Each structure stands twice: as structure tokens, then as C-alpha cells.
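Heads up, the thing below is written out as C-alpha cells.
The values are calculated or read from the model by the stated rules, or taken from the named source; none is laboratory data. Computed from a predicted model, the values in this text were never measured in an experiment. Note that we place each Cβ from the backbone using ideal geometry, even for glycine, and neighbour counts take in every protein chain shown. The protein model used for the area step is the full one, side chains on, heavy atoms only, and it has no ligands, DNA or RNA in it. Shrake-Rupley method; radii C 1.70, N 1.55, O 1.52, S 1.80 Å.
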Amino acid sequence: VAAVAASRLGRFGILGLLAVSTPQLAALGLMVQTETDFSSRLCFVLSWALLNFFWLALLRRPALSGALSLTMVVVLVLLSRFKHDVAQMTVNFVDLMVIDRDTVSFLFTIFPDLRWPVIGAGLVTAPLMAALWWLDPFRIRRLPALALGLGCLAALTGYSLAYPDEAWRGYYDDGYLSKFTRSGVTAVSDLLRYGFLEADASTTAHLNMPLLDACHPAGRRPNIIMIHDESSFDIRAASCVKVPAGYGAHFKSYDGKERKFLAESNGGPSWYTEYNVLAGLSSRSFGRFSYFVTRLASGHVERGLPRSLRRCGYQTMSVYPAFGGFMSARDFQTTAGIEHFYDAHDLGAKEVEPDSFFYDSAVKLMSAQAPGKPLFMFVYLAANHFPWEAKFRPELTPAWLPPGNVPSIDEYLR
């Protein structure tokens with residue numbers, strides 16, 4: 001084997017060495033550029049080594065193994081950046097667990113220009129991989145490669161279980177490989193222990209699903225408007241915080257009374273509340289997978305408030321302040337009974353719009369409805385969500401004066 005490798009190395013010389021070393025150097029540069037701390041870089045190294053040893057155990061050729069590993073990582077990075085541009089989150093291992101043919105078909109339907117780059121990449125990659133197969137002067141024994149790969153897998157699993165990654169890091173546009181592999185360890189572990197649903201093994205109770213014609217209301221039915229004002233919170237609950245005059249009016253009903261509506265997730269992911277309220281079910285049933293509750297419920301959870309109102313003759317509509325692909329919001333809400341879903345793109349929003357934009361859009365949509373049929377509208381607001389370091393749209397509040405809190409309260413809290 002050594003004689004054959006030496007003979008091939010003599011034939012290909014520097015070209016063969018470059019074929020082996022280039023993917024490794026490219027991966028090092030990618031790690032420095034995309035991973036931001038020691039923990040993520042350690043997981044990147046373990047994940048990269050695991051991929052290389054996996055291909056080595058199959059192919060025995062280090063140049064081709066490195067190229068295939070680099071191709072997989074680059075594709076993951078590109079998909080993560082693409083998903084972050086569309087849905088403000090990077091690719092998670094759960095994406096791989098819940099993806100199906102319909103998801104891929106939908107992706108190519110809304111982005112038809114992706115077809116040709118994918119086909120072109122395949123046409124370029126295939127002959128390149130064949131050339132690397134021919135140029136590679138080295139051969140690695142399968143058993144040591146398999147043993148080292150299992151060692152990397154054990155180290156990555158142990159570290160990920162001891163120091164699990166926080167779900168909120170998915171919003172950050174970095175750490176693509178480390179976040180993906182660490183989430184894979186956590187997701188597979190939880191799936192084996194609990195399944196997607198943490199539910200009792202057996203129960204005698206069953207949901208009583210009403211028939212389609214079970215609702216016969218008498219008299220005129222009112223329009224119903226539900227406003228999900230994300231992160232809107234009465235800061236007066238915190239002591240010693242000064243607020244401007246008239247601050248509390250925002251939290252009162254039209255009759256001057258202040259009413260409270262209790263849902264599961266105050267101070268957490270808003271789509272928990274979206275699921276709880278629209279489906280009438282608990283997001284906590286999904287255990288550790290509850291973070292992806294709207295994605296997992298898409299196409300499956302067909303009960304809830306919008307569908308019940310449709311049985312009573314209501315038209316159902318939703319105004320959403322982000323892209324409908326975010327956490328599969330469009331698919332979840334339409335499954336739960338929303339007939340007309342309008343996301344930020346449908347409404348013509350430009351970047352982050354103030355709440356007034358979506359209020360105005362809701363009024364326009366209501367005005368365009370035919371009279372005589374009651375309407376249920378779910379209006380989702382998000383302008384108050386972001387932790388602004390500077391004032392958001394200061395031209396909308398020209399008379400604003402700081403109330404004099406010490407230390408100063410930032411724009412998010414205000």
C-alpha cells in the first residue's frame with residue numbers, strides 16, 4: 001500500500017497534496033469566519049472530523065472525503081443563510097427531521113430561480129469528485145477511520161449533552177455547523193426518550209369534535225378581532241419605573257376597564273401563545289420540541305378557534321408581520337382554520353414596519369370584505385419585540401421626552 005501511494009504521489013506530486021489539503025484549509029477558514037467562540041469552534045472541529053472519517057470509512061480517499069465533507073458544510077451554510085434571510089432563523093436539525101417532499105416542492109415553487117443553480121452545481125460537482133477520486137494518492141484503512149469517527153461522535157455527543165446549545169441562538173446568523181450538530185444530539189436524544197409528544201400512554205378521554213353543521217347561531221354575529229401584541233407589557237409591574245402620562249390607556253378596553261387574558265407563554269417564544277390561543281391546546285405537550293410547535297402542528301392540528309368559528313359561518317383571516325415561512329406560521333394557521341393568510345410580503349411591508357402599518361392593512365382588508373358575513377381576524381404585531389439600541393422611527397414620536405428613569409430605561413423596555 002505504501003509503495004502504491006508513493007508511486008501515485010510521485011506521479012501527481014503537488015497536485016495530489018493540494019487535492020488533500022485544500023478542503024481542510026477551506027474548512028479552517030470557514031470555521032474562523034462563521035464560528036464565534038471556543039464552544040462552537042470545538043463542536044465545528046468534532047463535526048468536521050466526524051464527516052471526514054465517515055467518508056473515509058466508505059471511500060478510503062482523503063481528498064474525496066474532504067471534498068464531500070466540505071460540500072456538505074458549504075451547502076448547510078448556504079441553506080442556513082438563505083433560511084435566515086427568509087425566516088430569521090438558521091437551519092436546525094429538526095428541519096431535517098420534519099422536512100418532506102411537499103416542503104421541497106414549495107421551496108422551488110416560491111423560488112423557481114433556485115432550480116438552475118442546483119442543477120448547475122450538480123453538473124459541476126460530479127466531474128470534480130471523479131477527478132479527485134483519480135488524483136488522490138493516499139488510501140486510508142477503513143477500521144481506524146471508523147474507530148476515529150465513532151470517537152468524534154462520542155465526544156460531540158457528550159459535550160452537546162453536557163453543554164446543550166440554547167434554542168434562541170438559532171436567531172443569530174452564525175455558528176451554522178456547530179448549532180446544527182449540537183441540536184441533532186439534543187433532538188435525537190429527546191426523540192428516543194419521549195417522541196415528538198410527551199403524552200400519557202393511554203387515556204379514556206377524547207376530544208369531542210363538533211360536526212360541520214353543528215353551529216346554528218341566532219341573530220346577527222359580530223366581527224371578532226384578536227390582536228396579538230407581541231412583547232407588549234405593562235412596565236408599571238416593575239417598581240419605581242417612571243412612565244409618561246396616559247401610558248396605561250394602551251392596556252384598557254374601550255369601556256375603560258383593564259382585563260387580563262392568561263396564556264401559557266408570557267416572556268417566551270410568542271408562537272407558543274399563537275399555538276395555545278388558536279389551537280386551544282398546550283404547547284407543553286411537545287416537551288423539548290415545543291420550541292417547534294407550530295412547525296410540528298402544521299398539517300396535523302386541525303382543531304381550534306378559527307375552525308370552530310368557520311363552522312358558525314365566519315370568514316377567517318390573519319395579518320402576520322413577518323414572512324409566513326417563519327416557524328411555518330402560514331401552514332400552521334391555515335391548518336388550524338385560517339382561510340386567508342397575509343404575511344409581510346403579501347402586504348408590501350419594507351423591512352420592519354410600525355404597528356400602524358399592520359393596523360391599516362387590517363382595516364383595508366376588512367373594508368374589502370362583502371357585507372353580511374361575519375369576520376374573524378387575527379392581527380399579529382411585532383414592532384415592540386426588538387431590543388432597540390436607538391429609537392424606532394423617531395419621526396413618529398416627535399414630542400417624546402424621556403421620563404427621567406435612573407439608570408435610563410432602554411427603548412425596548414420603554
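Quick notes on this structure:
- Largest accessible area first, the residues Ser65, Ser39 order themselves as Ser39, Ser65 under a 1.4 Å probe with ligands, DNA and RNA left out.
- In segment 245-318, the GluC sites (Glu not before Pro) that fall in loop regions by DSSP, at most 15 other Cβ within 10 Å: Glu258, Glu264, Glu302
- Karplus-based coupling profile of segment 58-69, in residue order and whole Hz: 8, 10, 6, 9, x, 5, 5, 5, x, 5, 5, 5, with θ = phi - 60° in 6.51 cos²θ - 1.76 cosθ + 1.60 and x standing for Gly or Pro.
- Solvent-accessible surface ranking, highest first, for His228, His300 at 1.4 angstrom: His300, His228
- Inter-label distance, Lys373 to Glu264: 3.2 nm, where each label sits 7 Å from its Cα along the C-beta direction.
- Straight-line cross-link partners of Lys391 among the lysines, defined as a Cα under 22 Å from its Cα and at least 8 positions apart when in the same chain: Lys242, Lys350.
- Among Asp331, Asp174, the sequence by solvent-accessible area, most first, with a 1.4 Å probe is Asp331, Asp174.
- Solvent exposure of Val277, expressed as accessible area, is near 30 Å², computed with a probe of 1.4 Å over the protein chains only.
- Kirkwood analysis of segment 261-359, using all unique Cα-Cα pairs, places the hydrodynamic radius at 14.0 Å.
- Nearest-10 value in Å² for the accessible area of Trp168, using the 1.4 Å probe: 120
- In the complete set of protein chains, residue-level accessible area for Lys257 is approximately 120 Å², probe 1.4 angstrom.
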